[in-house]
Structures are given as structure tokens and as C-alpha cells.
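K.L.:
Here it is: the structure, laid out below.
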Amino acid sequence: GIELIDSYVFNQVENIRFNSTVGKYVGYTEVGLKNAETWNKGSELAQELGELERFCKHNADIHYSAVLDKT
């Protein structure tokens, strides 16, 4: 399958990550945990899931059919 990971890093520390396999934001720091809680309830999550649909699945179909054409 396809996995989209979107990391938010500040001062070389990953604070928060969206992982499409988990389907939500996960926080890794105190700030990240608070943001994850807020973002999972808000429009940010819907936006991230929309990106997954729009970008990843569309491009995967293109790449997948190109691979099939070569075999």
C-alpha cells in the first residue's frame, strides 16, 4: 500500500507527524502532543486526508500502470 508521512520539525526535533497508516497526527514532544490533539479534531486532519487522496493515490495509479506496461 501507500503510506504518506508528513513530519513537522522545529530545531531538528520532530514535534508532530501525520502518518496515513495510523490516519491521524501523532505528537512526539509536549507541544507536538497538544498540536496533535487539536489538529486531529480540526480541519487540518481533513486537509491532510484530502492531500493523500488527491496527490498520492492519483500518482500511485500513474506509476502503477507504468510499471504494468513494462512487464
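The values are calculated or read from the model by the stated rules, or taken from the named source; none is laboratory data. All figures in this text were calculated on a predicted structure; none of them were measured in a lab. Heads up, the Cβs are rebuilt from the backbone with ideal geometry, glycines too, and the neighbour counts pull from every protein chain shown. Note: areas computed on protein heavy atoms with side chains; ligands, DNA, RNA excluded. Shrake-Rupley method; radii C 1.70, N 1.55, O 1.52, S 1.80 Å.
K.L.:
What is the one condition in (1) under 24 Å from Phe55 (Cα atoms); (2) buried (at least 17 other Cβ atoms within 10 Å of the Cβ); (3) not aromatic (Phe, Trp, Tyr) that Gly32 does not satisfy?
P.N.:
The single condition Gly32 does not satisfy is (1).
K.L.:
Here is a further query. Find the residue count for region 9-29, including only residues that are open to solvent by less than 80 Å² (accessible area, probe 1.4 Å) and part of a strand (DSSP E or B).
P.N.:
Number satisfying all stated conditions: 10.
K.L.:
Let me spell it out: the conditions are (1) in a loop (DSSP other than H, G, I, E, B); (2) hydrophobic (A, V, I, L, M, F, W, C); (3) surrounded by 15 or more Cβ atoms within 10 Å (Cβ to Cβ), and Leu52 meets all of them except one. Which number is the exception?
P.N.:
(1)
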